[in-house]
Amino acid sequence: MTGAAEVPSLAALVAPLSVGEFLAQHWNRSFRAWPGDAGRFAALIGWDEINHILATQRLEPPRMQLVKTGKQVLADTFIDASGPNRRIDAGAVTAQLAQGATLVLSFVDEMVPRIGALADGLGDELGVRCNVNLYAGWRADHGFDLHWDHHDVIILQVAGRKHWRVQRPTRDRPARGETVPPPAADDIPVYDEVLEEGAVLYIPRGWWHVATPVAEPSLHLTIALSPPTGQDYLRWLVGKAVSDPLFRADWPVAGGAAATADYWQALGAAMQALHAAQPAEAFLAEQRAGPRGAAGLHPAAFRRGHDGAADGR
């Protein structure tokens, strides 16, 4: 069993920078790469544990995907549906990987407690929602094409090597669902190198990137870091507005310009009151809340409750 001491902190990942220097110089701002020693992240997850996850968990897209040259491999090619239950066909997965596909396990922080502890620690330190995806492959075909993410990411190269190309954003702080023009053909990457085992990359939201295996087994973790935005706040505030009848009322279009002006003024006052009544701390706490956490199920606790010693009476 791997101990908590083997889960790296933010300070360990950004050293020799201090956390304060990282936040001031790079967080939400600019790309950064850090070299590292081979085996540095081996305690987080390895090939045997990945095989165990594939053998014991009921995984299907989008939780598990195979991607190759920017396209998702059809699930029917690696899911066995011949019996009463759909199961992963291990042989078919191996064959797809041998042909150049990349294995993607989403939310692996919910499958591996050590990675969950890593996500929780970074989320607490940065005040963000955090989840972790795993990527594994061993040929020379890239999984996803050149793209940008709507969240910041930290890449941990767990095993093997991988080539990364990173380019500057073409839109400042793009949001999910936006159409953003790609970099110009003559754009010079800020990073175009092979990432060695144990190294770390930080890629802010909106920065273009593509990762390509180098014909050897490669395993990396992508830590997705999602700070709340003003748009998130507005969506959250809409949910709070449903309790006020004014926001549920019809717009008095038929009443003419005077009715609209009165309603517009009332809406403005109600919005100000709603904003004032919802402290920032409440919004941030709800944004950070996630499903992961100990349920507290333990036989000893049941016995105490059954005996009446700790049943809340």
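The values are calculated or read from the model by the stated rules, or taken from the named source; none is laboratory data. Please read all numbers here as calculations on a predicted model, not as lab measurements. Neighbour counts run over all protein chains shown; Cβ positions are idealised from the backbone, glycine included. Keep in mind that these areas ignore ligands, DNA and RNA; they rest on the heavy atoms of the full protein, side chains included. Shrake-Rupley method; radii C 1.70, N 1.55, O 1.52, S 1.80 Å.
Tabulated results
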{"item": "Any chance Thr102 is open to solvent by less than 40 Å² (accessible area, probe 1.4 Å) and of a type in the set (S, T, N, Q)", "result": "yes"}
{"item": "Test result for Ala159, small (Gly, Ala, Ser) and within 19 Å of Trp34 (Cα to Cα)", "result": "yes"}
{"item": "Qualifying position, being under 30 Å from Ala282 (Cα atoms) and either open to solvent by less than 50 Å² (accessible area, probe 1.4 Å) or over 19 Å from the mean Cα position of the chain (by Cα) (or both), among Tyr191, Tyr233", "result": "Tyr233"}
{"item": "Selection count where residues are open to solvent by 100 Å² or more (accessible area, probe 1.4 Å) and modelled with pLDDT of 95 or more, scope the stretch 165-185", "result": "1"}
{"item": "Yes/no for Ala95 being open to solvent by 30 Å² or more (accessible area, probe 1.4 Å) and at negative phi", "result": "yes"}
{"item": "Of all residues in the stretch 105-127 being within 17 Å of Gly46 (Cα to Cα) and touching a Pro at 6+ places or on another chain (Cβ under 9 Å), the one that is most open to solvent (accessible area, probe 1.4 Å)", "result": "Glu110"}
{"item": "The lone exception for Ile53 - which of (1) on the phi < 0 side of the Ramachandran plot; (2) under 23 Å from the mean Cα position of the chain (by Cα); (3) in contact (Cβ under 8 Å) with a residue 60 or more places away in the chain it fails", "result": "(3)"}
{"item": "Residues of the stretch 42-100 classified as over 19 Å from Trp138 (Cα atoms) and touching a Phe, Trp or Tyr at 6+ places or on another chain (Cβ under 8 Å), total", "result": "2"}
{"item": "Only one of Ser82, Ser9 that is hydroxyl-bearing (Ser, Thr, Tyr), out of contact with any Lys or Arg (no Cβ under 7 Å at 6 or more places or on another chain) and under 20 Å from Ile155 (Cα atoms)", "result": "Ser9"}
{"item": "Enumerated helices (runs of 4 or more DSSP H) restricted to the stretch 7-74, each holding at least 1 residues that are more than 30 Å from Thr94 (Cβ to Cβ) and open to solvent by less than 30 Å² (accessible area, probe 1.4 Å)", "result": "10-14, 19-25"}
